[in-house]
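Let me begin by presenting the structure, written as structure tokens, before commenting on it.
The values are calculated or read from the model by the stated rules, or taken from the named source; none is laboratory data. Source: prediction; values computed, not measured. Positions of Cβ are generated from backbone atoms using ideal geometry, with glycine treated the same way; all protein chains shown enter the neighbour counts.
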Amino acid sequence: MTDSNRITLPQLRELLLSKRGATEERPFGPDTLVFKVMGKKFALVGEKNDPLRITLKCNPDDALALRDQYPAIIPGYHMNKKHWNTIILDGTVPEPEFLRLIDHSYTLVVKTLKKADREKLANQT
């Protein structure tokens, strides 16, 4: 991350694409990056927002608790509010927590994949 505790778009893209099998698409137009694993969304980034915003899948109970704990975590923008949170990347969510939430989103999505797809993913280098 950066000294100011605000991640840049190139850093965020690199982080998300470092996940096994992650791909980047723009199915909703030029302003929204969608990161997928085996064709399923695990992160959306509004790249024109300042500060950046990322929408991540989340366990419903955790989603509510995180919204209570951090003002920069709000219900998922244009997503199912029960299962998705949007994080305003203004530096107020601690880096370890932010990184944990990315991992959590990715893991939740991988768990929903068919067994064959999970095995294929596990064998990717």
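Considering (1) touching a strand residue (DSSP E or B) at 6+ places or on another chain (Cβ under 6 Å); (2) closer than 18 Å to T8 by Cβ, the lone condition that D50 does not fulfil carries the number (1). Tell me, yes or no, whether the stretch 37-50 has at least one residue that is in contact (Cβ under 8 Å) with a residue 40 or more places away in the chain, among the small types (G, A, S) and closer than 20 Å to I7 by Cβ. Yes: the stretch 37-50 contains one or more residues that are in contact (Cβ under 8 Å) with a residue 40 or more places away in the chain, among the small types (G, A, S) and closer than 20 Å to I7 by Cβ. Would you confirm, using the coordinates I've provided, whether A43 is more than 20 Å from E14 (Cα to Cα), surrounded by 13 or more Cβ atoms within 10 Å (Cβ to Cβ), touching a strand residue (DSSP E or B) at 6+ places or on another chain (Cβ under 6 Å) and aliphatic (A, V, I, L, M)? Against the criterion (more than 20 Å from E14 (Cα to Cα), surrounded by 13 or more Cβ atoms within 10 Å (Cβ to Cβ), touching a strand residue (DSSP E or B) at 6+ places or on another chain (Cβ under 6 Å) and aliphatic (A, V, I, L, M)), A43 does not qualify. When the helices (runs of 4 or more DSSP H) confined to the stretch 46-125 are screened for residues that are surrounded by fewer than 16 Cβ atoms within 10 Å (Cβ to Cβ) and modelled with pLDDT of 95 or more, those reaching at least 3 such residues are found at 95-112.
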